[in-house]
Amino acid sequence: MERIRVIDSHTEGEPTRLIIENGPDLGSGSMMDRLIAFKEKFDSTRSAVVNEPRGSEAVVGALLCKPVSDKAAAGVIYFNNVGFLGMCGHGTIGLVASLVHMGKIGPGTHVIETPVGDVSAILADDGKVSIHNVPSYRYQESVSVEVPGYGQVTGDIAYGGNWFFLVGDSHVPVLASHLEALGHYSKAIKSALLAHGITGKDGAEIDHIEIFGAPERADANSKNYVLCPGGAYDRSPCGTGLSAKLACLAAQGKLSEGEVWRQESIIGTLFEGKFEWSGASILPTITGQAYVTGDNMLIFDPSDPIRNGIQL
Ligand code: PYC
């Protein structure tokens with residue numbers, strides 16, 4: 001029986017499953033080199049760990065790696081039900097909570113190596129984690145696309161560690177009671193972007209759609225719905241999505257350096273975000289909290305016909 005040990009957590013409702021023992025051996029290159037090796041040689045492990053019957057479409061997986069630099073606390077590679085992510089904000093907050101659970105780190109600042117660059121995470125005494133994310137920027141403003149069944153949809157394209165299309169004027173109310181409709185709407189937008197060849201920089205696929213509406217919480221500035229690449233919605237306000245949002249607000253002059261933006265998720269949880277300018281990009285700081293929910297040994301029975309997870 002193959003066994004893989006994982007720590008499960010959730011960050012403002014969004015789950016992260018961190019592989020801490022018996023993960024694939026990806027060598028000692030950069031996190032991007034290791035991501036490529038993971039994708040090419042161990043894609044079945046990705047699916048087996050996060051997909052049903054062990055996981056669900058909402059689970060983001062993370063592989064804990066020995067960092068290249070001895071100054072970093074950890075290296076990490078993020079993955080989901082369909083593939084890999086360059087960076088994951090909620091996942092990094094979950095990683096920090098898991099490293100605390102393992103007794104590896106305590107309050108303070110910790111560097112984490114990711115495939116898209118180093119991020120630093122500040123763990124406060126109250127358990128809140130602030131991530132200094134990778135440089136983020138608005139790439140294009142007010143891009144319109146014809147979306148079958150809905151008409152013209154206009155949004156900004158921005159990078160926050162992943163590529164986002166951010167829609168402010170939603171055809172569907174951004175409320176949990178409209179989850180199914182938001183799923184259809186955001187998937188239709190994603191397909192329309194693909195069909196019209198609308199991409200991020202250098203042809204990068206826009207694989208996250210972020211839709212904004214009025215907040216329900218009195219302490220929030222806005223509420224969002226985020227479609228993740230595998231079709232699930234982010235239960236948290238999405239760390240890379242908030243970084244992309246901050247980049248758009250900064251470019252529009254609607255938020256100034258150091259000012260706090262409180263982003264409510266579709267389930268009513270909250271991340272706080274702020275930024276500093278760095279040339280034409282911003283350096284976002286995202287704050288949230290994660291809780292460990294399990295310390296588990298996954299078992300892969302060689303005689304189980306769906307040992308590698310359900311991937312339709
Ligand atoms: O928090 O950055 C994030 C994220 C990306 C996909 C799911 N969560």
**Prompt:** Gln152 passes all but one of (1) more than 16 Å from the ligand (Cβ to nearest atom); (2) in contact (Cβ under 8 Å) with a residue 12 or more places away in the chain; (3) assigned to a strand (DSSP E or B); which number fails?
**Reply:** (2)
**Request:** Name every residue in region 1-18 that is crowded, with 17+ Cβ neighbours inside 10 Å and over 17 Å from the mean Cα position of the chain (by Cα), in order of residue number.
**Result:** Ile4, Val6, Ile7
**Asked** So which residues in region 2-35 are among the polar types (S, T, N, Q) and under 16 Å from Ala97 (Cβ atoms), if there are any at all?
**Response** Ser9, Thr11, Thr16
**Flag if Ile267 is assigned to a strand (DSSP E or B) and away from the ligand (no atom under 11 Å from the Cβ)** = no
**Item:** The lone exception for Gly279 - which of (1) surrounded by fewer than 21 Cβ atoms within 10 Å (Cβ to Cβ); (2) within 11 Å of the ligand (Cβ to nearest atom) it fails
**Value:** (2)
**Prompt:** Counting just the residues of region 184-227 that are within 20 Å of Leu270 (Cβ to Cβ) and among the β-branched types (Val, Ile, Thr), which one comes out surrounded by the fewest Cβ atoms within 10 Å (Cβ to Cβ)?
**Reply:** Ile211
**Filtered residue count, region 1-29, keeping only those that are touching a Gly at 6+ places or on another chain (Cβ under 7 Å) and in a loop (DSSP other than H, G, I, E, B)** = 1
**Asked** Can you pull out the residues in region 272-312 that are of a type in the set (Val, Ile, Thr), touching a helix residue (DSSP H, G or I) at 6+ places or on another chain (Cβ under 7 Å) and more than 13 Å from Leu242 (Cβ to Cβ)?
**Response** Val292
**Request:** Name every residue in region 251-278 that is among the aliphatic types (A, V, I, L, M) and touching a residue at least 40 places away in the same chain (Cβ under 8 Å), in order of residue number.
**Result:** Ala251, Ile266, Ile267, Leu270
**Message:** Checking Gly294 against (1) over 21 Å from Tyr185 (Cβ atoms); (2) within 15 Å of the ligand (Cβ to nearest atom); (3) surrounded by fewer than 21 Cβ atoms within 10 Å (Cβ to Cβ); (4) not hydrophobic (A, V, I, L, M, F, W, C), only one condition comes out false. Which one?
**Reply:** (2)
**Asked** Given the conditions (1) in a strand (DSSP E or B); (2) surrounded by 18 or more Cβ atoms within 10 Å (Cβ to Cβ); (3) more than 16 Å from the ligand (Cβ to nearest atom); (4) of a type in the set (Gly, Ala, Ser), which single one is not true for Ala250?
**Response** (1)
**Residue count for region 74-114, restricted to those that are touching a helix residue (DSSP H, G or I) at 6+ places or on another chain (Cβ under 8 Å), without any contact (Cβ under 8 Å) to a residue 40 or more places away in the chain and more than 16 Å from the ligand (Cβ to nearest atom)** = 4
**Asked** What single numbered condition from (1) surrounded by fewer than 18 Cβ atoms within 10 Å (Cβ to Cβ); (2) of a type in the set (Ser, Thr, Tyr); (3) in contact with a Pro (Cβ under 6 Å, 6 or more places away or on another chain) fails to hold for Thr45?
**Response** (1)
**Prompt:** How many residues, within region 258-312, are polar (S, T, N, Q), closer than 30 Å to Tyr137 by Cβ and touching a strand residue (DSSP E or B) at 6+ places or on another chain (Cβ under 6 Å)?
**Reply:** 4
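Yes/no per residue for (1) crowded, with 22+ Cβ neighbours inside 10 Å; (2) touching a Cys at 6+ places or on another chain (Cβ under 6 Å):
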| site | (1), (2) |
| --- | --- |
| Val68 | no, no |
| Ala74 | yes, no |
| Gly83 | no, no |
| Gly94 | yes, no |
| Gly117 | no, no |
| Arg138 | yes, yes |
| Gln152 | no, no |
**Asked** How about region 198-241: which of its residues are among the small types (Gly, Ala, Ser), under 16 Å from Glu14 (Cβ atoms) and in a loop (DSSP other than H, G, I, E, B)?
**Response** Gly230, Gly231, Ala232, Ser236
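Read the figures in this text as sums done on the coordinates, not as results from a lab. Quick caveat: nothing in here was measured; it's all calculated off a predicted structure. Please note: Cβ atoms are built from the backbone with ideal geometry, for glycine as well, and neighbour counts cover all protein chains shown.
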